[in-house]
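Accompanying notes for the structure given below.
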Amino acid sequence: MDIKIVEPKSEYSGYNFSHMNKLPMLGSIYLGTILKQAGHNVSVYNEKLVEPKDLNADILILNSLTSGANRAYALAERFKQQNPQGKVLMGGYHASFMPNEALKYADQVAIGEGENIILDMVNGKTTDRIVYGTPVQDLNTLPMPDYSLMEGLNYPKKRLKWLPLATSRGCPFDCTFCSVTQMLGRKYRAKDCSRVMKELTNTRYKYIFFYDDNFTADNDRTIDLLKKMKNNGITKRWVTQTRIDIANNDKMLKLMSDTKCDMVFLGLESVNEETLKDYKKAQGLQQMKDAIRKIKDYGIQVWGGFVMGSDQDDKKTMQKTVDFCNETGIEVPQFSILTPFPGTKLFNDLVAQGRLLTKNWSLFDGWHVVFKPKKLSAYELQEHSIDAFRQVWKNSKRLLRQITPAFRDLQNLKVAIEGLNVMKQVKKENKRYLSFLSKQI
């Protein structure tokens, strides 16, 4: 059968590293690889990279985040109009947590991980409209991802600098605003280092983004992997996501530096100690400062993520966050607005309290206020978040730190320029929404 897998784009830009680098989801590639190996004709699209020219297929699979849900529903309707006999399957984060809504547009909805159920759904062996996936307990059983299936990833017309590669799933922590643990669980599952090495050596990409939600969750395993990368002469540069506790492990940091780790994403989340408690982040402000300094001492840049808008945050929190970024010299500050994604405790709490402002899913992108904050208005939170972004990217000292090494590294220069470009887009894209928020009580 002819099968198209599409990751729908969001209506709004979104202002984070993943969006700026147009990074796709790996789940679609794994599903596509499984289907191709079963004899199906498969093509995979991430609409941030390449939009499909048409939806001609026997089956359309839509893998969507919450911010792309409206687009997914529109694509499903268009597909059904063109091909009434065709089948629409939906999965991913949003459909997993809002399956009954997704069923209005899909023939079947997959909840959770889809690798163990996709063939039965496509082949009609499973007829239930809601199909529950099971976690892949042994990630080594996953096929080698066939990146050539995704338009825009394959040579010679690749449109992506960083190749996504995952070595594990699950996160042992449980932040109140995060949907990862609800989707993938808190049990940490990892590929064998030998399998990861095979994936690294099989690609021509020079830059790798390890997609793991916590790349260093198992210190011994991470050190073993990094040793193998170093001893086997893996020269690819890489970035990943981790926690500040890596600063306690000099051996790991040295190996990360030796294997050309360019940057780590740290979920710093807040400079407000009370907010950190609300988020269930077991870290403090001084720990964060010490960790950033230690990581930078090893020549690794910091991409720091902050989530603004907790019940403990006020106007002063916004400015303190800006001051923290400028003081610590974080190379890539990422400000997100607290967003109650379906499936999280935060979403359930805000619904129960009647504090949601909208269920227009396109606005659930981490950059629009979609709930009523406690210590400031929704308008103030939106406006101060925009201003925080403007302040950090217009800070001359921080930009100089970012641009100076860029003369030796074009990637750094690209990030600096992209940050300035995004800053210009922020107010323009939010002008109408600010007007909407100004009318909210």
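For this structure, a couple of remarks:
- Count - residues of the stretch 59-86 that are part of a loop (DSSP other than H, G, I, E, B), touching a helix residue (DSSP H, G or I) at 6+ places or on another chain (Cβ under 9 Å) and under 25 Å from Asn123 (Cβ atoms): 2
- Leu49 at pLDDT 95 or above and not small (Gly, Ala, Ser): no
- Given (1) closer than 26 Å to Leu268 by Cα; (2) of a type in the set (A, V, I, L, M, F, W, C); (3) in contact with a Leu (Cβ under 7 Å, 6 or more places away or on another chain); (4) modelled with pLDDT under 90, number of the condition Leu160 does not satisfy: (1)
- Index of the failed condition, Ile295 passing every other in (1) part of a helix (DSSP H, G or I); (2) surrounded by fewer than 22 Cβ atoms within 10 Å (Cβ to Cβ): (2)
- Any chance Thr222 is at pLDDT 95 or above, crowded, with 17+ Cβ neighbours inside 10 Å and outside any helix (DSSP H, G or I): no
- Residues satisfying the stated conditions in the stretch 201-243, i.e. touching a helix residue (DSSP H, G or I) at 6+ places or on another chain (Cβ under 6 Å) and among the hydrophobic types (A, V, I, L, M, F, W, C): Ile223, Leu225, Leu226, Ile234
- Hits in the stretch 61-103 (condition: aromatic (Phe, Trp, Tyr), under 25 Å from Gly366 (Cβ atoms) and free of Cβ contacts under 8 Å to residues at least 40 places away in the same chain): Tyr73
- Cross-chain or 6+ apart pairs with Cβ under 6 Å, the stretch 115-142 first and of a type in the set (S, T, N, Q), then assigned to a strand (DSSP E or B): none
- Residue selected from the stretch 103-115 under the condition closer than 20 Å to Lys191 by Cβ and touching a Gly at 6+ places or on another chain (Cβ under 7 Å), by the criterion surrounded by the fewest Cβ atoms within 10 Å (Cβ to Cβ): Gly112
- If the condition is being of a type in the set (Ser, Thr, Tyr) and surrounded by fewer than 22 Cβ atoms within 10 Å (Cβ to Cβ), then the stretch 345-391 contributes Thr358, Ser362, Ser377, Tyr379.
- Of note, Gln241 does not satisfy the criterion of being assigned to a helix (DSSP H, G or I), of a type outside the set (Lys, Arg) and out of contact with any Lys or Arg (no Cβ under 6 Å at 6 or more places or on another chain).
- Selection of helices (runs of 4 or more DSSP H) fully inside the stretch 92-207 by the criterion of at least 3 residues being touching a Phe, Trp or Tyr at 6+ places or on another chain (Cβ under 8 Å) returns 93-97, 180-184.
- Evaluated against (1) at pLDDT 90 or above; (2) surrounded by 23 or more Cβ atoms within 10 Å (Cβ to Cβ); (3) within 26 Å of Tyr93 (Cβ to Cβ), Cys325 falls short on exactly one condition, (3).
- Residues in the stretch 247-268 include none that are at pLDDT below 95, among the small types (Gly, Ala, Ser), part of a loop (DSSP other than H, G, I, E, B) and under 22 Å from the mean Cα position of the chain (by Cα).
- Condition met for Thr275 (crowded, with 21+ Cβ neighbours inside 10 Å, farther than 28 Å from Thr222 by Cα and more than 24 Å from the chain's Cα centre (by Cα)): no
- Selection count, the stretch 170-210, where residues are in contact (Cβ under 8 Å) with a residue 60 or more places away in the chain and loosely packed, with under 15 Cβ neighbours inside 10 Å: 1
- For Lys53, the conditions (1) part of a loop (DSSP other than H, G, I, E, B); (2) charged (D, E, K, R); (3) closer than 18 Å to Gly92 by Cβ are fulfilled apart from (3).
- Taking the criterion of being hydroxyl-bearing (Ser, Thr, Tyr) and in a helix (DSSP H, G or I), the residues of the stretch 343-386 that qualify are Ser362, Tyr379, Ser385.
- Within the stretch 116-138, the set of residues being under 26 Å from the mean Cα position of the chain (by Cα) and buried (at least 20 other Cβ atoms within 10 Å of the Cβ) comprises Ile117, Ile118, Val131.
- Test: Ala38 is at pLDDT 95 or above and crowded, with 23+ Cβ neighbours inside 10 Å: no
The values are calculated or read from the model by the stated rules, or taken from the named source; none is laboratory data. This one's a predicted model, so the numbers in the text were calculated from it and none came from an experiment. Quick reminder, even Gly has a Cβ in these numbers, built from the backbone with ideal geometry, and neighbours come from all protein chains shown.
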